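The values are calculated or read from the model by the stated rules, or taken from the named source; none is laboratory data. This one's a predicted model, so the numbers in the text were calculated from it and none came from an experiment. Neighbour counts are summed over all protein chains in view; Cβ atoms, including those assigned to glycine, are modelled from backbone coordinates with ideal geometry.
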Amino acid sequence: MAINLVTKFTDHVDELFTAESKKSLLTNNDYDWTGAHTIKVHKVNTVSMNDYDRAGTGKNTSRFGVLGKVENELEEFTLRKDRSFTFVIDKMDKDETGGVLSGASALARQQREIIIPEVDQYVYAEMAANAGTKVVDVTLTESNIYDEIIKGTEHLDDEDVPDTGRVLTVVPEVYRMMKKCPDLSLDCDVTEKQRLNGVIAMVDGMDVVKISKKRMPANAGFMICHPVATVAPTKLEDYRVHQDPPGISGELVEGRIVYDAFVLDNKKKAIYYVENKLAV
């Protein structure tokens, strides 16, 4: 007999993703599913400006200029990560632990310790690899960290990336530099809701999010991004427990998750990634 955990524990799984992962602050869900593993993203073009033909010279079909056309181009992305796990909960172990080793607790632990870190690591790596700007020749220090951050915000300003919604992601080592930098003043007066979502401070109008070095790319320094640049669809497809399957006295737990992350080509300028070059 198989017990489908999707129905029983979906709310708990969603809660874990919200509480343990910070990728929702850095990505968006502005997409539609077109199948089990495929999403579509709307890409709308714009038209150029013209000189208004006040005299009506007939140079163009309209005094407003050459007639352009605004079109909606659909970009389709197929999720490439199809991952799974399986393990056994022995009947005696479950009995001796008073039910602690149950399907729900095992799934929660698997999410917290294995699945969420893997998904985060993959998403952040995709964002860094496809960032519109990648700086790889800087060694970050207490004396230059603020200036390097300001360079990043200046770059996003020049690319007309919206001020509201920007996020500064740092590894703990860089956050320590920020706290010791004499030129940088961290605004730690954030709301309780912000703290629950993973925001620990604000700098230059940006939410500051601290992410474990293990989940970021190797030698990561910091990343300034806006959620509009990246979509990170996650699809929890199948979680189940088989009670006393052939050859097993207890429960056989199986799970599968399909996920991916895509940096949109026309929005990648909203990601500024700095690698911390090791000092020689």
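The single condition among (1) surrounded by fewer than 23 Cβ atoms within 10 Å (Cβ to Cβ); (2) touching a helix residue (DSSP H, G or I) at 6+ places or on another chain (Cβ under 6 Å); (3) within 30 Å of Met92 (Cα to Cα) that Tyr259 does not meet is (3).
In segment 1-51, of all residues being farther than 16 Å from Ala232 by Cα and modelled with pLDDT of 80 or more, the one that is farthest from the chain's Cα centre (by Cα) corresponds to Asp51. Applying a threshold of 8 Å to beta carbon distances and a minimum spacing of six or more residues, or different chains, the list of pairs starting in segment 144-161 at a residue that is of a type in the set (Phe, Trp, Tyr) and ending at one that is surrounded by 16 or more Cβ atoms within 10 Å (Cβ to Cβ) reads Tyr146/Met178; Tyr146/Cys181; Tyr146/Leu184. Condition first: assigned to a helix (DSSP H, G or I) and either of a type in the set (A, V, I, L, M) or without any contact (Cβ under 8 Å) to a residue 60 or more places away in the chain (or both). Can you find one or more residues in segment 195-214 that meet it? So far as segment 195-214 goes, yes, one or more of its residues are assigned to a helix (DSSP H, G or I) and either of a type in the set (A, V, I, L, M) or without any contact (Cβ under 8 Å) to a residue 60 or more places away in the chain (or both).
Here is a yes/no grid of residues against (1) part of a helix (DSSP H, G or I); (2) in contact with an Asp or Glu (Cβ under 7 Å, 6 or more places away or on another chain); (3) more than 21 Å from Leu278 (Cβ to Cβ); (4) of a type outside the set (Asp, Glu):
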{"position": "Leu156", "(1), (2), (3), (4)": "yes, no, yes, yes"}
{"position": "Gly165", "(1), (2), (3), (4)": "no, no, yes, yes"}
{"position": "Arg176", "(1), (2), (3), (4)": "yes, no, no, yes"}
{"position": "Pro182", "(1), (2), (3), (4)": "no, no, yes, yes"}
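Scanning for something modelled with pLDDT under 90, of a type in the set (Gly, Ala, Ser) and surrounded by fewer than 16 Cβ atoms within 10 Å (Cβ to Cβ), does segment 209-224 turn up at least one residue? No, segment 209-224 has no match at all. Residue pairs whose Cβ atoms lie under 9 Å apart, sitting 6 or more positions apart in sequence or on different chains, and linking a residue in segment 260-280 that is free of Cβ contacts under 8 Å to residues at least 12 places away in the same chain and over 21 Å from Val119 (Cβ atoms) to a partner that is part of a strand (DSSP E or B) and acidic (Asp, Glu), are Asp265/Glu75. Being over 30 Å from Glu20 (Cα atoms) and in contact (Cβ under 8 Å) with a residue 12 or more places away in the chain is a description that applies to Leu74. Determine, yes or no, whether Phe222 is farther than 27 Å from Glu76 by Cα and among the aromatic types (Phe, Trp, Tyr). Here the answer is yes, as Phe222 does meet what is asked.
Report whether or not Arg166 is at pLDDT 90 or above and either polar (S, T, N, Q) or over 24 Å from Ile115 (Cβ atoms) (or both). Spelling it out, Arg166 is indeed at pLDDT 90 or above and either polar (S, T, N, Q) or over 24 Å from Ile115 (Cβ atoms) (or both). Which of the residues that make up segment 238-256 are surrounded by fewer than 21 Cβ atoms within 10 Å (Cβ to Cβ), in contact (Cβ under 8 Å) with a residue 60 or more places away in the chain and over 21 Å from the mean Cα position of the chain (by Cα)? If the condition is that a residue be surrounded by fewer than 21 Cβ atoms within 10 Å (Cβ to Cβ), in contact (Cβ under 8 Å) with a residue 60 or more places away in the chain and over 21 Å from the mean Cα position of the chain (by Cα), then Asp238, Arg240, His242, Gln243, Asp244, Ile248, Ser249, Gly250, Leu252, Glu254 are the ones that fit.
Quick grid of which residues meet (1) closer than 23 Å to Leu168 by Cβ; (2) in contact with a helix residue (DSSP H, G or I) (Cβ under 9 Å, 6 or more places away or on another chain); (3) in a loop (DSSP other than H, G, I, E, B); (4) not acidic (Asp, Glu):
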residue	(1), (2), (3), (4)
Gly221	yes, yes, no, yes
His242	no, no, no, yes
Val253	no, yes, no, yes
Asp265	no, no, yes, no
